[in-house]
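Reviewing the structure listed below.
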Amino acid sequence: MKLFRTAIIGCGKVAHLHARAIDSLPNATLSAVWSRTPESARKLAETCGAEVFSDIDTMIRRKGIDLVIICNPHPFHREVTIQAAQAGANVLVEKPLAATLEDCDAMIDACRAAGVKLGTVSQRRFYAPVQRIRRAIDAGKIGVPALGTVNMLGWRDRAYYDADPWRGTWNLEGGGVLVNQAPHQLDILLWFMGEADEVYGLRRNLNHPYIEVEDTALAILKFRNGGIGSIIVSNSQKPGIYGKVQVHGSNGASVGVQTDGGAMFIAGMSPVLEPPVNDLWTVPGEESLPDGWAKEDSELFSRIDPTVYYMERQIEDFLRALDRGCDPLVTGLDGRRTVELFTAIYRSTRDHAPVKLPLKPEYGNDMDGRLGREEHEPVSGAERPEAQNG
């Protein structure tokens, strides 16, 4: 069995979860770490026995690194991904792949030129309820996916945004709920429905006046397969309600997954509270199956640490792809499609119009549509509700 040497770039909260996931895999070892802040690299290295490096190229070449996992804030993914690829390492990037399409394309091009694989972290694809839906779609059990919906109603309090200086800012976080919390559900929607063709979207800040970015967004979609869809994502529902992705088919059957229930998971700050479940299943003859699946999924949930287990499954899948010379389940192009979708929502808000896909980068000064004019002026003063800590 080949042992894959791995390294982590960016040693904040989520990096510690990846380190634990790597440690659990028999064919992987965490050999090295690098961070813009040496102290965070030292702390991570102490917990996993890895070597700290101050230069990415030296780290990869000296340690013979096969896979680098990028865990620094998304506006900084581009530079380190390109450095890692040019040094010969395959790259798995925490979601979202990048903050802008320009960065996505530069990363994809660099990995292609270097002959290395690029993947995007979307560990919820490995949930059993999500996998069941994909298998049902592939088997034609719902006909053609005709209507897909995302409803993610979560909460983030001031303590969350104060935890790191980059949170809630355009130049450091690159966006709000669309960029940071929604990519998991957006990726699953696109995996089920196929690529989007046209998007009309809106974004707002409803009750977080202390951040620059949106806490809520919605969109209406047309898909290339002829289907339609809707998206509602928000960090404004205290203490958090649920995250759901549902698909309704051309034969009348419907399938769905609740990926998140209650207060949403925050990497390094909170646990996963509820197991993912198939909360909707009307495939003829299979209506009774979700009860058994829920028992099965709950039993698994009680035996594992879900904050790490599904990262293990994704890293395991990526290493399998390296071993077999095939694509991982979630590729760099998949990551770009998610960035393209939330970029379309930003541009649609800016332009007051539907946006046709595919999108090319815009090379202006408004962060690919994020800093354009609002639909209306934000509520201010006494009219604006104050967000309280959860």
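Local charge for ALA110 was computed over the other residues whose Cβ lies under 15 Å away, with Lys and Arg +1 and Asp and Glu -1, and equals -2.
Quick one: putting +1 on the C-beta of Lys and Arg, -1 on the C-beta of Asp and Glu, what dipole do you get for the stretch 113-183 around its Cα centre, in Debye to the nearest 20?
On the way: 10 positive and 5 negative charges, 93 e Å.
The dipole magnitude comes to about 440 debye.
Taking 0.36 nm per residue of separation and subtracting the current Cα-Cα distance, fully stretching the chain between GLU195 and GLU212 would add 3.1 nm.
Stretched out fully, how many nm does the piece from TYR363 to TRP293 gain, at 0.36 nm a residue minus the Cα gap? Walk me through the intermediate numbers first.
Working: separation 70, 0.36 × 70 = 25.20 nm, distance 4.79 nm.
Difference between extended and current length: 20.4 nm.
Net charge around SER35, counting only other residues with Cβ within less than 11 Å of its Cβ (Lys, Arg = +1; Asp, Glu = -1)? Working shown, then result.
Working: positive: ARG36, ARG42, LYS43; negative: GLU39.
Net charge in that neighbourhood comes out at +2.
Expressed as a whole percent, the accessible area of the chain that falls on carbon and sulfur atoms is 51 (1.4 Å probe).
Taking a sphere under 9 Å around the Cβ of VAL355 and counting the other residues whose Cβ falls inside, with K and R at +1 and D and E at -1, yields a net charge of 0. For ARG61 and SER302, the FRET efficiency from 1/(1 + (r/R0)^6), where r spans their Cβ atoms and R0 equals 41 Å, is about 0.40. Taking amide H positions as modeled 1.01 Å from N, with prolines and chain starts lacking one, the residues under 5 Å from LYS95 and 5 or more places away or on another chain are VAL121. Per residue, the chain exposes 41 Å² of accessible surface when a 1.4 Å probe is rolled over the protein heavy atoms with every protein chain present. For the chain, the Cβ-based charge dipole about the Cα centre amounts to some 620 debye (Lys, Arg positive; Asp, Glu negative; other atoms uncharged). Shape class of the stretch 65-174 from the alpha-carbon gyration tensor: oblate, with a/c at 1.5 or above and b/c at least as large as a/b.
I need the shape label for the chain. Rule: rounded when a/c is under 1.5, else prolate if a/b > b/c, else oblate, with a, b, c from the alpha carbon gyration tensor. Because its axes are fairly even, with a/c under 1.5, the chain counts as rounded.
Which of rounded, prolate, oblate describes the stretch 177-246, given a ≥ b ≥ c as roots of the alpha-carbon gyration tensor eigenvalues and a/c under 1.5 marking rounded, otherwise prolate only if a/b is larger than b/c?
Details: a/c = 2.59, a/b = 1.83, b/c = 1.42.
It comes out prolate by the Cα gyration axes.
Full extension of the segment from ARG135 to ILE232, taken as 0.36 nm per residue of separation minus the current Cα-Cα distance, would add 32.4 nm. The modelled label-to-label distance between LEU333 and ARG224, using points 7 Å beyond Cα along the C-beta direction, is 0.9 nm. Estimated from the Cβ-Cβ distance and a Förster radius of 41 angstrom, the FRET efficiency linking LYS356 and ASP323 is about 0.55. Projecting label points 7 angstrom from Cα along Cα→Cβ for GLU286 and LEU371 puts them 4.8 nm apart.
ASP157 to GLU46: FRET efficiency via 1/(1 + (r/R0)^6), r the Cβ-Cβ distance, R0 25 Å, to the nearest 0.05? The value I calculate is 0.25.
The values are calculated or read from the model by the stated rules, or taken from the named source; none is laboratory data. Nothing here was measured: the structure is a model prediction, and the numbers come from that model. FYI the Cβ positions are ideal-geometry reconstructions off the backbone, even for glycines, and counts take in every protein chain you see. Protein only, heavy atoms only, side chains kept; ligands, DNA and RNA dropped before computing areas. Shrake-Rupley method; radii C 1.70, N 1.55, O 1.52, S 1.80 Å.
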